[in-house]
Amino acid sequence: MSNAPEADLNTKSISIRNIGVTFKSEASDAVEALCPIDLEIPAGEFVALVGPSGCGKSTLLNVLAGFIPPSVGTALVGDDKISKPDIDHGMVFQDYALFPWLNVLDNVAFGLERQGVGRDEREARALENLDLVGLKDFAGKRVHELSGGMKQRVAIARVFATDPSIILMDEPFGALDALTRRFLQHQLLAIWQRNRKTVVFVTHSVQEAVYLASRAIVMTARPGRIKLDQKIELAHPRDFSAADFRAYEKLIYDQLDEELAKTFNLEGSGGTFRD
Amino acid sequence: MTDGGITAIAADGSCLAAVEDFLGRAGRAEPTLRAFTEIRPDRLRADAHALDALPTPKRGPLHGILLAVKEVFDVAGYVCGWGTPIHAGRQPSQDAAMVAKLRAAGALVAGITVSTEYALSLAGPTTNPFDSTRTPGASSQGSAAAVGAGLVPAALGSQTIGSIIRPAAYCGCIGVKLSWGAIDAAGSMPLSDAIDHPGIIAADPDIAAAILKLLAPQLMTPPAVKLPNILVLEPWHEAETAPEALAAVERATRVLAEAGTSIQRMRMPDWIATKEERVLDTILAFGVAKHHGEDYVRSTAHMSDRLRDYVVRGRAVSQAAYDDAINEQDRIRQTLNAEIGDGVAIMPPTTGIAPKLDAGTGSRAPQRLWTLAGLPAMTVPFGRHLGMPLGVQAVARHGQDARALAVIGALYGKG
Ligand SMILES: Nc1ncnc2c1ncn2[C@@H]1O[C@H](COP(=O)(O)OP(=O)(O)O)[C@@H](O)[C@H]1O
Ligand SMILES: [Mg+2]
């Protein structure tokens, strides 16, 4: 599991050095979304990020993707400072973000065109990656003809196709049905084991974190900081019901529950209905 | 309230007229009843229009039947929000298997009905059609209220503890929870795979039978027996049963005896009475944590304390403890199958009439065991107390749903 990646694979480390984000606007008070944090992620590691809603997980991913500049600190991919979006940093969002005017194949091939890959190879690679997510037969379909789950699979195929050195995934499977989710977890694991991409994966499923990741990070309630940094030393394929799997889950829950309790104490139980 | 003589199709025979009639009645009832989360007149009219255009030979067995659907079942294009603000915008793109089957037979989706939070916790705004200061029961509360008020002849509900039988009885409806595993549950919100039961609430036995024949044809071809032997089951649970609820069962017993069935008394084995609640709770909590634990992490602030409690307790259930509970469930099922045999047990579906709204949604004790054991359980309205409906619950052994349905049919309209 901790095998070093082979030299010819495109995978890079991520260094997060004192990264903090405060959102400022004229209309309202400044929001500190992320406390300055430090995190070293070696190339080929699969990191799962768990934490209460609003603790800054998406903000951190957006910094790593180059979409928002940090208020303080520096982030590096390999030796390069992140300063702008880069197709080499593949990002899968919660809600697909496909181009509705392109068909499925062209959506997946889109990034390859920007990388200067020739037409035939583009199509071949797009098809290969559609196959990985079980959608090869849908290559010619329009995006609006797909269900939400299928759209998300296209978004995943699109990122895989560009062979990025790091993959950032923000709750990629959260909205999928259980079967599709299990299937894509398998595919993602297989790809990760084969290519040793560095993956940062945000999830609200502790089970998913323990199932996939080589390292799990629990963040505190906003402003987020790192509360638990835990290596998951279980061989793949992992068994949900095994005692050691459950022990990792418990370790994470114990830390997470303290933070969740803070969020509902603040907001009340939120029910609008009578009991 | 159900005395209006509901027919599927209006006097002129058109589905469109039936839909207009429904919309008018729903418009008048809904301000107090609050059974529906969503009614879409435009879509309903379009669907009715399409049905009216079908030539007679192409019309299905449920042609024009208005069906209300509990928000835990997927209906394409409607908001099916599981009774929680966490899924308030949830809009499935496909119909649940049950919904698809019934629509293919000509049923019209009248609208989506209120469920309690995850069909388990906080009650929705629905009131009882017989007295708006009382609860309609839970969790299929919108479905039962809509049928009980005579707005629709049938509705879909689901039961993981007592969520079909209790509201159906409180609202003066027939409620049917078939043998576990009889209905394809695809496209419905899961709580626990081991005890989830989709089912129906209906205004009369004919509508119920017509729907069940489509949903579970394998169970609905009754053997050519008249009425099965009746086992009168004394309530075994701690929750106290009101005298009027027991009296309704005694009256039902006389009706059945006059129809020529043999009557015996049945007592619940003590070990089952002591255990059932705990076994079900373990299975349910494990399932809730499995299916909704992620919602807890994502949106804790929008969950009721009670639901959080299920999640946290369910996470702590080890696989071994869960397997033990499943083994106990199986032992209970086998024992009850043997005790009931070819007979049908009858008992009160609830501990009494619907409580006042501020007193909760009523006791689950008389419904719970049949959910745990996966035996077919049904309720039929039978008499009134203080103007509120009472009922009789009939239970058969697993797979003998048609026997229980025969008893329901024999009691209907005789209360
Ligand atoms: N563009 C923005 N402007 C102002 N506040 C923001 C912005 N984006 C996020 N926030 C706030 O920053 C905090 C962290 O947000 P986010 O990173 O999305 O959390 P998470 O993904 O962990 O749920 C939240 O309080 C959120 O409201
Ligand atoms: Mg986020």
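The values are calculated or read from the model by the stated rules, or taken from the named source; none is laboratory data. Just so it is clear, the structure is predicted and the values come from calculations on it, not from any experiment. Note that we place each Cβ from the backbone using ideal geometry, even for glycine, and neighbour counts take in every protein chain shown.
Tabulated results
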quantity: Some residue of segment B:342-358 being surrounded by fewer than 24 Cβ atoms within 10 Å (Cβ to Cβ) and farther than 23 Å from B:Gly175 by Cα; calculated: yes
quantity: The listed residue being in a loop (DSSP other than H, G, I, E, B), more than 16 Å from ligand 2 (Cβ to nearest atom) and crowded, with 16+ Cβ neighbours inside 10 Å, out of A:Val117, A:Val108; calculated: A:Val117
quantity: Hits in segment A:59-100 (condition: closer than 19 Å to A:Lys24 by Cα, assigned to a loop (DSSP other than H, G, I, E, B) and more than 16 Å from ligand 2 (Cβ to nearest atom)); calculated: A:Gly66, A:Pro69, A:Pro70, A:Ser71
quantity: Pairs, first assigned to a loop (DSSP other than H, G, I, E, B) and at pLDDT 55 or above in segment A:1-23, second of a type in the set (D, E, K, R) and away from ligand 2 (no atom under 16 Å from the Cβ), C-beta under 7 Å, six or more apart; calculated: A:Leu9/A:Arg196; A:Asn10/A:Asp163; A:Thr11/A:Arg196; A:Thr11/A:Lys197
quantity: Subset tally (residues that are surrounded by fewer than 16 Cβ atoms within 10 Å (Cβ to Cβ), under 17 Å from A:Thr198 (Cα atoms) and of a type in the set (A, V, I, L, M)) for segment A:77-102; calculated: 1
quantity: Qualifying residues in segment A:136-175 (those that are within 16 Å of ligand 2 (Cβ to nearest atom) and part of a loop (DSSP other than H, G, I, E, B)) - the one surrounded by the fewest Cβ atoms within 10 Å (Cβ to Cβ); calculated: A:Ala175
quantity: Segment B:122-162, residues that are touching a Leu at 6+ places or on another chain (Cβ under 9 Å), within 26 Å of B:Asp184 (Cβ to Cβ) and assigned to a loop (DSSP other than H, G, I, E, B); calculated: B:Ala138, B:Ser139, B:Ser140, B:Val152, B:Pro153, B:Thr160, B:Ile161
quantity: Residue within segment B:323-336 that is charged (D, E, K, R) and within 14 Å of chain A (Cβ to nearest Cβ) present; calculated: yes
quantity: Within segment B:291-307, considering residues that are within 25 Å of the chain's Cα centre (by Cα), buried (at least 19 other Cβ atoms within 10 Å of the Cβ) and farther than 15 Å from B:Ser192 by Cα, the one nearest to the other protein chains (Cβ to nearest Cβ); calculated: B:Ser304
quantity: Segment A:13-69 - residue that is within 12 Å of ligand 1 (Cβ to nearest atom) and basic (Lys, Arg) and, of those, nearest to A:Val200 (Cα to Cα); calculated: A:Lys57
quantity: Contacts under 9 angstrom Cβ, first residue in segment A:40-60 being away from chain B (no Cβ under 14 Å), partner aromatic (Phe, Trp, Tyr) and near ligand 1 (Cβ under 6 Å from one of its atoms), 6 or more apart; calculated: A:Thr59/A:Phe23
quantity: Selection status of A:Ile68, at negative phi and surrounded by fewer than 17 Cβ atoms within 10 Å (Cβ to Cβ); calculated: yes
quantity: Residue satisfying condition, being within 12 Å of another protein chain (Cβ to nearest Cβ), of a type outside the set (Gly, Ala, Ser) and surrounded by 24 or more Cβ atoms within 10 Å (Cβ to Cβ), within set B:Thr113, B:Thr135, B:Thr127; calculated: B:Thr135
quantity: Complete set of residues in segment A:44-58 that are part of a strand (DSSP E or B) and within 16 Å of ligand 2 (Cβ to nearest atom); calculated: A:Val47, A:Ala48, A:Leu49, A:Val50
quantity: Residue among B:Ala239, B:Ala301 that alone is without any contact (Cβ under 8 Å) to a residue 60 or more places away in the chain and of a type in the set (Gly, Ala, Ser); calculated: B:Ala301
quantity: All positions within segment A:183-208 that are closer than 16 Å to A:Lys12 by Cα and away from ligand 1 (no atom under 16 Å from the Cβ); calculated: A:Ile191, A:Trp192, A:Gln193, A:Arg194, A:Asn195, A:Arg196, A:Lys197, A:Thr198, A:Val199
quantity: Some residue of segment A:239-257 being of a type in the set (Asp, Glu), within 16 Å of ligand 2 (Cβ to nearest atom) and in a helix (DSSP H, G or I); calculated: no
quantity: Every residue from segment A:189-222 that is over 13 Å from the mean Cα position of the chain (by Cα), within 12 Å of chain B (Cβ to nearest Cβ) and either more than 16 Å from ligand 2 (Cβ to nearest atom) or part of a helix (DSSP H, G or I) (or both); calculated: A:Val206, A:Gln207
quantity: Listing of helices (runs of 4 or more DSSP H) fully contained in segment B:274-388 that carry 3 or more residues being more than 21 Å from B:Ile86 (Cβ to Cβ) and at pLDDT 95 or above; calculated: B:319-340, B:365-373
quantity: Test: residue in segment A:150-165 that is under 18 Å from the mean Cα position of the chain (by Cα), within 13 Å of another protein chain (Cβ to nearest Cβ), over 22 Å from A:Ala109 (Cα atoms) and more than 16 Å from ligand 1 (Cβ to nearest atom); calculated: no
quantity: Any hit, segment B:64-75, residues being within 14 Å of chain A (Cβ to nearest Cβ) and touching a Gly at 6+ places or on another chain (Cβ under 8 Å); calculated: yes
quantity: Residues of segment A:72-102 that turn out to be within 12 Å of ligand 1 (Cβ to nearest atom) and away from chain B (no Cβ under 14 Å), as a count; calculated: 1
